[in-house]
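The values are calculated or read from the model by the stated rules, or taken from the named source; none is laboratory data. Quick caveat, the model's predicted, so the values are computed rather than measured. No Cβ is skipped: glycine too gets one built from the backbone with ideal geometry, and neighbour counts run over all protein chains shown. Just the protein is used for accessible areas: all its heavy atoms, side chains included, with ligands, DNA and RNA removed. Shrake-Rupley method; radii C 1.70, N 1.55, O 1.52, S 1.80 Å.
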Number of protein chains: 2
Amino acid sequence: MAPYVHERSRYNLEDGALPTQWYNIQADLAHPLAPYLGADGQPADPAALAAIFPPPLIEQEVSTERWFDIPGAVLDVLHTYRPGPLNRARQFEKALGLPDNVHIYYKYEGINASGSHKANTAIPQAYYNKISGISKLSTETGAGQWGSALSMAGAQLGIEVEVFMVGVSYDQKPYRRIFMECFGAKVHRSPTTLTQAGRAMLAKDPDTLGSLGLAISEAVEVAATHPDVNYSLGSVLNHVALHQTIIGQEAILQMELAGEEPDVVIACIGGGSNFAGLAFPWYLRRKEGKTKTRLLAAEPKACPTLTAGAYEYDFGDEAKLTPQMMMYTLGHDFVPPGIHAGGLRYHGDSPLVSQLVHDGEVEATSVWQKDVFAAALEFARSEALLPAPESAHAIAAAAAEAKAAAEAGEARTILFGLSGHGFLDLSAYENYISGKLQDYDFATGAVVE
Amino acid sequence: MAPYVHERSRYNLEDGALPTQWYNIQADLAHPLAPYLGADGQPADPAALAAIFPPPLIEQEVSTERWFDIPGAVLDVLHTYRPGPLNRARQFEKALGLPDNVHIYYKYEGINASGSHKANTAIPQAYYNKISGISKLSTETGAGQWGSALSMAGAQLGIEVEVFMVGVSYDQKPYRRIFMECFGAKVHRSPTTLTQAGRAMLAKDPDTLGSLGLAISEAVEVAATHPDVNYSLGSVLNHVALHQTIIGQEAILQMELAGEEPDVVIACIGGGSNFAGLAFPWYLRRKEGKTKTRLLAAEPKACPTLTAGAYEYDFGDEAKLTPQMMMYTLGHDFVPPGIHAGGLRYHGDSPLVSQLVHDGEVEATSVWQKDVFAAALEFARSEALLPAPESAHAIAAAAAEAKAAAEAGEARTILFGLSGHGFLDLSAYENYISGKLQDYDFATGAVVE
């Protein structure tokens, strides 16, 4: 039979062609990262974290070594879904009406059961805690992707997982809760009576719907008060960004297969680990003189941390339980409007990404959620993939870059990260297609037409 | 950095290595397929189907040509998600405690947005109707996979899609409805007042929850009474099985990459197209003397068409609107217990698969749904993929084959088809993990402990 005459779209790596090291951008910053500050306002001692994190993760958090070897047992589990796909979005390019010299590629992280890039750090976090003698991980989840990823990793590596799920999410997102339970996790509706923080809140307001800040407090309290329990965080921190760098390392090999060098690398940003995972290896490549690519973080206009926040020391949580970090922030008490990309509703941002933005190494843009959903559906209908609303911020930014290049008559190669699928976000899509979805001014909460 | 020392698990085909022809098993049957019978009990004239199907599909339905070329425009759309993955389930093998000489491979069809193999026939059906001057396809959906696939294909190929969704499913599965609407389909809660069949039912019982038979009647009526509308069916028929054979053709190339010949090829079966798609190319390979593999269809014990049904002429639907087909059937008025694998609750079976079972070319087995969900979770936790309940029938059958081989001390290579993902089936998983899920005797409906 005649072969299929095709334009190549898929750039699969060989089975087993996994990155075997994580890239630590702290080795290559123009100046050292500002230290975390403790409750006394002085630089925090990393050892203070030992009550809730295992030693290998604390070491990764503060190290300036360029490369960390990925343990074989971690590679074996990553290997169940990696290396991941990188595709050229040819049908999406056609749908956008782009000229021949504007190309869009995307790196997809939604293959694993938990459905997003979060698995890339959940697996090593479960591993390092297990080998450090920890029997259980406690964590919080709002939108649910992180709790799902840690539950899956716990099942794969044999460590218990206890999730404090924000009450309102617990009520509204039963599928996410069930998913975690499928993987053996114990899921609590936060606040609970299991912790002092939870009991205090329930005494004050028995009908509370909970909050992410409170769920964090509960998860941290459980870890801090039980020697065999540690806490696990899915974004923001340096070691989380480190684990995600397998994404960008794979993408570099795959763009080499495609024979193209991107002019811009785009990823959505909430806490920052997804953006860091794709972009940091490209930062190194640029430093090595092998690329001139721009690095662009796409955030929601309803929570415009990088584009409208201040670069200053702030707490990671509303309750001021965390150390203070130097980062872009909208204020630790900022409550963003209720947009559907729950994973991007964070007041702050990764200190690493924040410093790079402040230094002019990384650009940031913000996107209205109506434009995000429009781009998501155009992408879904042409490329046969349903994106998560968070991930679709990168699609919208990529489409804007592509259209700008076409209008300027310039060639442009765009690579964006598609961090996860949207099968558990269909109610958000319904809001959009039924015309109920609205955009909000982040400062006033007022509806923007 | 040192390469990852791995045991190979993934057998990706080169980009563009799509099968360019469909395999028509009617060329290789031991004896011709028994003809469909019309309302008068005489062999039906294929031309009678022209009111609801386009000429190319009618030709494919009755042809005995061995190969059909896949049109380039169809290949371009299949190329958005094909060739698909074939993986060795090494972590699942470990979870089952299998010896080194028992291997399990699976071919996965859940990559495309609609989430199952159904897209493989939805795309060519949309194409052939479009080039035949049809502007709209009408169809029914129960569990929702088929409606999702046809909606996606309609968006990709530019043809309208109208879906009659069984009332009770419309109420209970809003995510499936929203998914179809995301891809631009018009979804009705069946019965509607749009058709004579629907109005008659509503007059009789205004509170009816609908049925698949009635939804079929509505969809067929719309097609038969509008010259620019055709009807589209997602399983059972020969041309549907034909389109699915790209699955098995890819799997043969991928098992060659793996350097193994399966001893048994397993797929779940409802109407039969998923099983046909994986198994028929292996049937040809066996006929050519290149393999001795067994072919095994796995069905639910609650709807045991092949293992407990009669091989005789019967209608395809409860309302006796279809031609009669020679097939295994539990009776066109059989209503299976309400198990969670909705896609497998069909009283009959593909005439092609039925004949092969009757001739001893294909084996069949049936599985309890509790065993199905137990196998599904074991697979999910080890392989990082959440299977659809339908697909998990094949997992359970594969695990049983593997354990039997291990107990007998025999080497065995098992290939099974994983027809789709389970992200929209989480309520079924909740039923299982909360202990509410039960098994039923198919004949009496009584709970089986």
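Simple rule: put +1 on each Lys or Arg Cβ and -1 on each Asp or Glu Cβ in chain A, find the dipole, and look at A:His103, A:Gly343, A:Phe53; the Cα lying farthest toward the positive end is A:His103. Rounded to the nearest 10 square angstrom, A:Cys303 shows an accessible area of 0 square angstrom against a 1.4 Å probe. Residues of the range A:61-109 that lose at least 40 Å² of accessible area (1.4 Å probe, protein heavy atoms only) when the other protein chains are present, relative to their chain alone, are A:Asp76, A:His79, A:Thr80, A:Gln91.
Kirkwood-type hydrodynamic radius, the range B:119-214: 13.5 Å, calculated from all non-identical alpha-carbon pairs. Which whole-angstrom value gives the distance between the alpha carbon centres of the range A:374-449 and the range A:128-187? Here the answer is 28 Å between Cα centres. Computed over the alpha carbons of the range B:321-383, Rg followed by Dmax gives 14.9, 45 Å.
Suppose you put the label 7 Å out from Cα in the Cβ direction; list, shortest first and in nm with one decimal, how far A:Pro206 is from each other copy's label. So the distances to the same position in the other copies read 4.2 nm. In summary, the lysines within cross-link reach of A:Lys287, defined as a Cα separation below 23 angstrom excluding same-chain residues under 8 places away, comprise A:Lys107. Assign one of three labels to the range B:272-327, namely rounded, prolate or oblate, based on the Cα gyration tensor with a ≥ b ≥ c the square roots of its eigenvalues; rounded applies when a/c is under 1.5, prolate when it is not and a/b is larger than b/c, and oblate otherwise. Prolate, since a/c reaches 1.5 and a/b exceeds b/c. Where does helix B:238-258 land angle-wise versus the long Cα axis of chain B, in degrees 0 to 90, nearest 10? The angle comes out near 10 degrees. Ranking B:Asp76, A:Asp100, A:Asp349 from most to least accessible surface, computed with a 1.4 Å probe over the protein chains only, gives A:Asp100, B:Asp76, A:Asp349. Under the shape rule built on the C-alpha gyration tensor, where the axes satisfy a ≥ b ≥ c, the range B:280-398 is oblate, since a/c reaches at least 1.5 while a/b does not exceed b/c. Taking θ as phi - 60° and the Karplus parameters 6.51, -1.76 and 1.60, the scalar couplings of the range A:279-293 work out to 7, 4, x, 6, 4, 4, 4, 5, 4, 7, x, 8, 8, 10, 4 Hz in sequence order, x denoting glycine and proline. With every protein chain in place and a 1.4 angstrom probe, the accessible-area ranking of B:Thr293, B:Thr64, largest first, reads B:Thr64, B:Thr293.
Can you compute the FRET efficiency between B:Gln196 and B:Val335 using 1/(1 + (r/R0)^6), with r the Cβ-Cβ distance and R0 = 25 Å? Round to the nearest 0.05.
Working: r = 24 Å, r/R0 = 0.95.
E between B:Gln196 and B:Val335, to the nearest 0.05, is 0.60.
Grab the Cα-Cα distance for A:Ser135 and A:Lys403, subtract it from 0.36 nm times how many residues apart they are, and report the gain in nm with one decimal.
Residue separation times 0.36 nm, minus the Cα-Cα distance, leaves 91.4 nm.
A Förster radius of 45 Å combined with the Cβ-Cβ distance from B:Tyr311 to A:Ala203 puts the calculated FRET efficiency at roughly 0.05. Structural descriptor for the range B:260-368: relative contact order 30 percent, calculated from alpha carbon pairs under 8 angstrom and at least 6 residues apart. Quick check: the angle from helix A:212-225's long axis to the longest principal axis of chain A, C-alpha only, nearest 10 degrees? With both axes taken from Cα atoms, the answer is about 60 degrees. Inverting the pair-averaged 1/r between distinct Cα atoms of chain B gives 22.0 Å as its Kirkwood hydrodynamic radius.
For chain A, modelled as a GNM whose springs connect Cα atoms under 10 angstrom apart, the maximal fluctuation among A:Ala384, A:Ala297, A:Ala392 occurs at A:Ala384. Using a 10 angstrom cutoff on alpha carbons, build the Gaussian network for chain B and name the most mobile of B:Ile159, B:Ile395, B:Ile216. Taking springs between Cα atoms under 10 Å, the residue moving most is B:Ile159. Each other copy holds its own label point for B:Arg8; taking that point as 7 Å from Cα along Cα to Cβ, the gaps run 2.0 nm, nearest first. Here the relative contact order of the range B:50-173, from alpha carbon pairs under 8 Å that lie six or more residues apart, stands at 22 percent.
What does the charge dipole of the range B:223-288 about its Cα centre add up to, to the nearest 20 debye, if the Cβ of each Lys and Arg holds +1 and the Cβ of each Asp and Glu holds -1? Display every interim value, and only then the final one.
Numbers: 3 positive and 7 negative charges, 47 e Å.
For this selection, approximately 220 debye.
Copy-to-copy label distances for B:Tyr313, where each label lies 7 Å from Cα along Cα-to-Cβ, are 8.8 nm in order of increasing length.
When a/c is below 1.5 the answer is rounded, else prolate if a/b is larger than b/c, else oblate, so apply that to the protein assembly as shown with a ≥ b ≥ c taken from the square roots of the Cα gyration tensor eigenvalues.
Numbers: a/c = 1.67, a/b = 1.63, b/c = 1.02.
Judged from the Cα gyration tensor, the protein assembly as shown comes out prolate (a/c at least 1.5, a/b above b/c).
Using only Cα atoms, find the angle between the long axis of helix B:389-408 and the longest principal axis of chain B, and express it within 0 to 90 degrees, rounded to the nearest 10. Helix B:389-408 and the main axis of chain B meet at about 30 degrees. Near the amide H of A:Ser211, within less than 5 Å, lie the amide hydrogens of A:Gly167, all on another chain or at least 5 residues away, with H placed in the peptide plane. Simple rule: put +1 on each Lys or Arg Cβ and -1 on each Asp or Glu Cβ in the range B:157-203, find the dipole, and look at B:Gly158, B:Val187, B:Ala197; the Cα lying farthest toward the positive end is B:Ala197.
For chain A, the carbon plus sulfur part of the accessible surface works out to 51%, probe radius 1.4 Å. Our coupling estimate for the range B:34-39, obtained by passing each phi through the Karplus curve with A = 6.51, B = -1.76, C = 1.60 and θ = phi - 60°, is 4, x, 5, 10, x, 4 Hz, Gly and Pro reported as x. Think of the range B:290-449 as a dipole: +1 on every Lys or Arg Cβ, -1 on every Asp or Glu Cβ, centred on the Cα centre; then among B:Ala308, B:Gly422, B:Gln355, B:Gly422 lies furthest on the positive end.
Rolling a 1.4 Å probe across the protein heavy atoms gives chain A an accessible surface of 34 Å² per residue. Build a GNM of chain B with springs between Cα atoms under 10 Å apart, and of B:Asn274, B:Asn129, B:Asn431 the one that fluctuates most is B:Asn431. Each semi-axis of the equivalent ellipsoid for the range B:158-307 is √(5λ) with λ an eigenvalue of the Cα gyration tensor; in descending order they amount to 38, 17, 14 Å. Buried area at the B:A interface is about 5000 square angstrom, summed over both chains, from accessible surfaces computed with a 1.4 angstrom probe. Over the range B:227-281, all Cα pairs binned in 5 Å intervals from 0 give whole-percent P(r) values of 4, 19, 24, 19, 13, 9, 5, 3, 2, 1, 0, listed from short to long. The charge dipole of the range A:189-299, taken about the Cα centre with unit charges on the Cβ atoms of Lys, Arg (+1) and Asp, Glu (-1), comes to about 240 debye, rounded to the nearest 20. Once the partner protein chains are put back, the range A:181-200 shows a loss of at least 40 square angstrom of accessible area, versus the chain by itself, at A:Cys182, A:Phe183 (probe 1.4 Å, ligands and nucleic acids excluded). Note on B:380-390: average number of Cβ atoms from other chains within 10 Å of each residue's Cβ is 5. Ordered from highest to lowest accessible area with the whole protein assembly present and a 1.4 Å probe, A:Arg381, A:Arg199 read as A:Arg199, A:Arg381. For the set A:Lys186/B:Lys173; A:Lys186/A:Lys320; B:Lys136/B:Lys173; A:Lys118/B:Lys130; A:Lys118/A:Lys370; A:Lys136/B:Lys370, the pairs lying more than 31 angstrom apart at their alpha carbons are A:Lys118/B:Lys130.
The dipole here belongs to the range B:1-129: it is taken about the Cα centre, uses +1 on the Cβ of Lys and Arg and -1 on the Cβ of Asp and Glu, and is about 680 debye. Between the amide H of B:Ile70 and those of B:Gln21, B:Trp22, distances stay under 5 Å, these residues lying 5 or more places away or on another chain, with hydrogens modeled in the peptide plane.
For the range A:415-449, a reduction of at least 50 Å² in accessible area between the chain on its own and the assembled protein chains (probe 1.4 Å) is found at A:Phe423, A:Leu426, A:Glu430, A:Ile433.
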